[in-house]
Amino acid sequence: MYQSPRGSASSRPENADYYPPESEGLSYTDRVGNQPTRSNTFRSNITQSSTNSKQSKVSVDSKFTGRLTSESASTLVGSSLQRKIDDVDPRSQPRIDTTERLETLRDLMAKHELEYYLIPSEDAHGSEYVAINDKRREWISGFTGSSGLAIVSRSHAFMATDSRYWVQAKQELDRNWSVIKVGSVDGPKDWIDWLVEEVRDCRVGIDARMLTYEKATQLNSRLQPKNTKLFYPPQNLVDLIWKEKPSRSREPVFVQPMKLAGMEAGAKISKLRAWIKAQPPSVPAYSKAPPTPTQIQEAILISNLASIAWILNLRGDDIPFNPVFHSYLFISSQLAVLFIESQKITSDVEDYLTSINVTRRDYNDVWTFLRKKEWGQGRVIISPQTSYAISLMLTSYHYTVLPSVIEEWKALKNDAEISGMKAAYIRDGVAYVKWLAWLEFKMSQGYNITEYEAAWRLTEFRRKGKNYVGLAYENISATGKNAALPHYVPRKADEIMLSRNEPYLNDSGGQYRDGTCDTTRTIHFGRPTAEQCEAFTRVLQGHIAIDSAVFPEGTTGAQLDVLARKALWQDGLNYLHGTGHGFGSFLNVHEGPHGFNSSVPLEPGHVITNEPGFYKEGHWGMRIESALLVRRVRTKGEFNGDIWLGFERLTCVPIQAKMVKDAMLSKEERQWLKDHNKRCLDVLEPFLRDDKRALKWLQREAQRGIGIANPGPGGIHIDWD
């Protein structure tokens with residue numbers, strides 16, 4: 001263990017003094033005085049006032065004619081009601097006219113002699129979710145989807161995005177834009193394929209900070225035969241014309257205590273230094289001479305925000321839903337330097353950094369540091385996902401590109417992280433069950449509830465849980481045809497009512513100090529059709545197949561993916577998104593390098609989601625998602641010894657049996673469903689004794705038979721609760 005001048009990490013930096021008291025409410029959605037923070041913004045960089053929802057009670061069959069959100073005023077009081085009133089959805093504003101913005105951008109393109117200018121979604125750290133001041137692609141286009149790349153030429157503008165956002169892009173983009181349907185049957189594989197086909201004898205501009213080393217090298221090699229080159233203007237062209245660009249976050253950084261992190265930051269840094277030292281020098285294959293100082297791997301530069309947060313046991317509030325902070329981290333055998341804005345560092349965190357022998361410099365100083373090569377002569381290791389601008393600053397003789405070892409370490413959860421996740425998923429399950437019981441009761445009473453209201457209420461239930469910090473991602477709350485859009489997010493102003501005739505899908509999760517949650521359940525408030533039951537049963541069978549899988553060491557997620565799809569394929573059904581992804585320990589909800597679309601072998605300690613689905617475009621959609629922990633399992637044969645792995649389910653939320661077609665299930669599948677719902681009762685019952693409605697609902701779900709009752713005499717349907 002690395003010893004700092006002020007003592008070991010165990011003796012000082014990660015004690016309770018660094019754990020902010022719960023009353024401080026490190027929350028993405030609430031601040032003192034109910035002032036919105038950057039993490040409480042919806043998705044846009046605009047903030048405007050919104051009106052409160054009215055409330056009413058109507059009969060199930062009445063026609064909705066006004067604004068209605070299920071007795072909001074009578075059941076939400078105080079800060080809960082105020083949070084809802086203050087919540088802002090900028091997407092409810094009219095479609096943005098981008099004509100003037102594009103014309104101004106094209107003037108700058110002409111000055112730099114650019115035929116095309118690329119505007120990615122990502123920030124300088126390759127983040128999937130970005131801060132409001134980094135939403136350049138959204139500002140120039142009006143498209144709010146989380147994935148997409150804008151391509152602006154002298155005469156046209158294009159938005160390249162995948163199937164999750166084709167409908168949304170069409171709705172949000174104005175007449176200036178055309179959608180490139182990435183991954184469609186006749187479309188390009190990605191935006192690079194499309195661009196390479198379009199360009200010839202020209203210059204393509206992009207901010208090198210927003211392009212990864214991996215993509216830049218791929219793009220450069222493919223553009224060369226077209227006599228086309230990438231050009232990197234000294235300033236981001238969108239920044240030059242975005243006059244009201246929000247300032248960068250100044251939210252304070254805080255320490256993730258040892259009891260939750262499970263490993264001291266000093267120990268992680270020491271482990272990383274040992275790894276750097278073990279990397280072979282960059283010596284040409286033909287060379288017989290000993291390596292020179294400039295060929296030795298001397299240091300590593302980390303730009304991935306979640307990796308920096310993990311290795312230093314720090315968390316922040318710079319990006320919505322992700323407890324990370326803008327920074328760079330440089331570690332060599334002698335140095336550990338965190339590049340971060342000083343306003344984010346409290347005196348406690350300053351003491352903490354000193355205790356683990358990490359010095360601090362300003363965020364923008366990283367460029368001077370790299371240019372002057374202040375660490376000495378050795379080479380700096382960067383990952384393929386590092387921004388291309390960093391490699392340009394270092395020049396090829398001073399860096400080595402290697403896969404991110406920190407991503408690999410971070411993905412393997414230690415005992416403290418696993419314990420925290422289990423506790424967080426129980427807490428999240430309690431909130432989810434209380435909400436489901438509330439929602440079903442209100443619907444049965446004849447209240448009409450909007451997609452937005454349903455999602456909001458679930459957040460309020462989560463907020464009451466211990467260690468709650470905020471949401472892990474935007475609530476996906478969708479009914480009817482909206483549920484056929486896998487990443488649909490409801491708008492406050494749309495007031496779309498939950499249907500009693502189509503499935504309702506909710507995909508959401510809480511961020512807790514001890515874990516990041518991600519859960520999806522699909523439910524039906526009426527009598528599902530035979531088609532809906534059959535599709536839901538196939539989705540459930542795929543879910544069970546993944547959950548029950550046993551496999552030898554070395555098996556990748558991609559090799560197991562077919563298990564989730566096999567039952568759907570039997571009926572000619574499928575889904576276009578991935579089957580599951582890794583997730584963090586109070587970090588990002590999407591985490592690699594493993595996943596069910598990855599060639600990385602699954603290992604004990606990996607956590608991964610299991611989320612098959614089916615979407616009937618224009619009608620309805622369904623998905624079931626639970627979180628799994630990879631663990632060792634005992635098998636009857638134990639062929640080749642103790643090499644067999646399986647999954648332990650973390651999610652503790654019942655699966656509605658009403659939409660399941662019993663005759664389609666095998667004996668084992670039928671028992672799995674009953675066992676799962678019974679386990680939810682066993683685990684959650686002690687935490688629901690203060691909520692009789694939720695407890696009664698959970699007991700009913702655990703004891704309920706599979707499927708819906710057949711019609712009685714005269715075709716009358718009766719469902720017994």
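The values are calculated or read from the model by the stated rules, or taken from the named source; none is laboratory data. None of the values given here were measured: they were computed from a predicted structure. Neighbour counts run over all protein chains shown; Cβ positions are idealised from the backbone, glycine included.
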Residues of region 182-227 being closer than 19 Å to THR161 by Cβ, charged (D, E, K, R) and not in a helix (DSSP H, G or I), which ones?
ASP186, LYS189, ASP190
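To keep it simple, each residue is scored yes or no on (1) over 28 Å from GLY592 (Cα atoms); (2) modelled with pLDDT under 95; (3) touching an Asp or Glu at 6+ places or on another chain (Cβ under 6 Å).
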| site | (1), (2), (3) |
| --- | --- |
| GLY613 | no, no, no |
| GLU617 | yes, yes, no |
| GLU648 | no, no, no |
| HIS676 | no, no, no |
| CYS680 | yes, no, no |
| PHE687 | yes, no, no |
| TRP697 | yes, no, no |
| GLU701 | yes, no, no |
Which pairs turn up if I take residues in region 240-267 that are touching a residue at least 40 places away in the same chain (Cβ under 8 Å) and look for partners that are of a type in the set (Ser, Thr, Tyr) and crowded, with 22+ Cβ neighbours inside 10 Å with beta carbon separation below 6 Å, at least 6 apart in sequence or on another chain?
VAL255/TYR352
Quick check on this structure: which one of GLU474, GLU451 is within 27 Å of ASP162 (Cβ to Cβ) and within 17 Å of the chain's Cα centre (by Cα)?
GLU474
Being part of a helix (DSSP H, G or I) and closer than 15 Å to ALA545 by Cα is the filter; apply it to region 657-673 and report the residue that is farthest from the chain's Cα centre (by Cα).
LYS667
Among residues of region 290-320, those that are within 26 Å of ALA131 (Cα to Cα) and surrounded by fewer than 21 Cβ atoms within 10 Å (Cβ to Cβ), counted
0
Any idea which of GLU451, GLU534 is touching a Pro at 6+ places or on another chain (Cβ under 7 Å) and among the acidic types (Asp, Glu)?
GLU451
The lone condition PHE461 fails out of (1) among the aromatic types (Phe, Trp, Tyr); (2) part of a loop (DSSP other than H, G, I, E, B); (3) closer than 20 Å to LYS422 by Cα is (2)
Condition first: surrounded by fewer than 11 Cβ atoms within 10 Å (Cβ to Cβ) and of a type in the set (Gly, Ala, Ser). Now tell me which residues in region 627-652 satisfy that.
GLY637, GLY641
Please give the number of the condition VAL380 fails out of (1) in a helix (DSSP H, G or I); (2) at pLDDT 95 or above.
(1)
What do you reckon, is ARG500 touching a His at 6+ places or on another chain (Cβ under 9 Å) and farther than 22 Å from ASP162 by Cβ?
yes
Of all the residues that make up region 325-340, how many are closer than 10 Å to TYR363 by Cβ and more than 26 Å from the chain's Cα centre (by Cα)?
0
Quickly run through region 182-191 and pick out the residues that are surrounded by fewer than 18 Cβ atoms within 10 Å (Cβ to Cβ) and either β-branched (Val, Ile, Thr) or assigned by TED's automatic domain parsing to the domain that holds GLY578 (or both).
VAL185
Under the condition of being part of a strand (DSSP E or B) and of a type in the set (A, V, I, L, M), which residue from region 618-656 is farthest from GLN559 (Cα to Cα)?
MET622
Count, please, the residues in region 316-359 that happen to be in contact with a helix residue (DSSP H, G or I) (Cβ under 8 Å, 6 or more places away or on another chain) and in a loop (DSSP other than H, G, I, E, B).
15
Which residue pairs have Cβ atoms closer than 8 Å, lie 6 or more positions apart in sequence or on different chains, and pair a first residue in region 194-214 that is touching a residue at least 24 places away in the same chain (Cβ under 8 Å) and of a type in the set (S, T, N, Q) with a second residue that is assigned to a loop (DSSP other than H, G, I, E, B) and surrounded by fewer than 18 Cβ atoms within 10 Å (Cβ to Cβ)?
THR212/PRO384
Can you confirm whether SER477 is under 29 Å from LEU230 (Cα atoms), of a type in the set (Gly, Ala, Ser) and touching a helix residue (DSSP H, G or I) at 6+ places or on another chain (Cβ under 7 Å)?
no
Considering only region 231-239, I want to know if a residue exists there that is at pLDDT 95 or above, surrounded by 15 or more Cβ atoms within 10 Å (Cβ to Cβ) and polar (S, T, N, Q).
yes
